[in-house]
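Submitted below is the structure of interest, expressed as structure tokens.
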Amino acid sequence: MGTATKQANFLLPEDLLEELKKTVSKREQSKVVTEALRKELKRLKLKKALESSFGSWDDRQHPELKAGTGKYIRAKKVNTYKPLSMKTVIVDTDILIDFLRGRENARKFLLSLVKEATICCSVITVAEISAGMKDHERDNTMELLDSMHIININRTIAEKAGEYKRSEKKQKLELDDCFIAATAFEQKAVLATGNGKHYPMTDIEKMTLSSK
């Protein structure tokens, strides 16, 4: 069954309405407006979450992060083994943890993406953050994650992750990092990370956020 609909009355600028009529068939106009509204509401929800969840992790209650976010994430991992533009960004776990810890560079970076990009993260990141948060930090942490586009692992991503793990012989890659990189590859997205050394792959676009 399709999603139930309900008529709504609201005003649009005259020039915008005329452009809509000229560009989109009458049959498709509601669909276009709905998709644009969903996208904008998602952006506003993310902006609100960034404002309320920033710095919600108290460093005094996270001694495991004292040596740095990167080292913490590496220790947690088990050694088992849309066009490409800036419109879709996969944010790595370390940046989100630094944001939750109140690191200003992470806050500025995420806020800079809100207007121009679709901000996503992998389900791997959800697991890593959930493993590290305290019970009283859950609400703000989940608000942040819920405001983002969470990308699940499908077979295509899993196979690509296995390819990365198998082919990168020069350095020992964590399988979790391979999954995140494969997600960026499959989504044709930019991978934003605080540690570019974890991602030596040459077939994905990367940007590294300075820790300073």
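The values are calculated or read from the model by the stated rules, or taken from the named source; none is laboratory data. None of these values were measured; they are calculated from a predicted model. Cβ sites come from the backbone with ideal geometry, for glycine too, and all protein chains shown count toward neighbours.
If Ser211 satisfies all but one of (1) over 19 Å from Leu96 (Cβ atoms); (2) modelled with pLDDT under 90; (3) surrounded by fewer than 21 Cβ atoms within 10 Å (Cβ to Cβ), what's the number of the condition it fails?
(1)
Inside the range 1-44, can you point out the residues that are out of contact with any helix residue (DSSP H, G or I) (no Cβ under 8 Å at 6 or more places or on another chain) and closer than 30 Å to Arg107 by Cβ?
Once the filter is applied, which keeps residues that are out of contact with any helix residue (DSSP H, G or I) (no Cβ under 8 Å at 6 or more places or on another chain) and closer than 30 Å to Arg107 by Cβ, the range 1-44 yields Glu35, Ala36, Leu37, Arg38, Lys39, Glu40, Leu41, Lys42, Leu44.
Another question about this same structure. Which ones in the range 147-158 are part of a helix (DSSP H, G or I) and loosely packed, with under 12 Cβ neighbours inside 10 Å?
Selection gives Arg155 alone.
Which residue pairs have Cβ atoms closer than 7 Å, lie 6 or more positions apart in sequence or on different chains, and pair a first residue in the range 48-68 that is assigned to a helix (DSSP H, G or I) and modelled with pLDDT of 80 or more with a second residue that is among the hydroxyl-bearing types (Ser, Thr, Tyr) and surrounded by 11 or more Cβ atoms within 10 Å (Cβ to Cβ)?
Close Cβ pairs (under 7 Å, with a partner that is among the hydroxyl-bearing types (Ser, Thr, Tyr) and surrounded by 11 or more Cβ atoms within 10 Å (Cβ to Cβ)) amount to Ala49/Ser147; Ser53/Thr141.
How many residues are assigned to a loop (DSSP other than H, G, I, E, B) and over 10 Å from Asp92 (Cα atoms) when one looks only at the range 178-205?
Looking only at that region, the number is 8.
Then there's this: For the subset of the range 159-177 comprising residues that are surrounded by fewer than 14 Cβ atoms within 10 Å (Cβ to Cβ) and in a helix (DSSP H, G or I), which member is modelled with the highest pLDDT?
Only one residue fits best here, namely Glu159.
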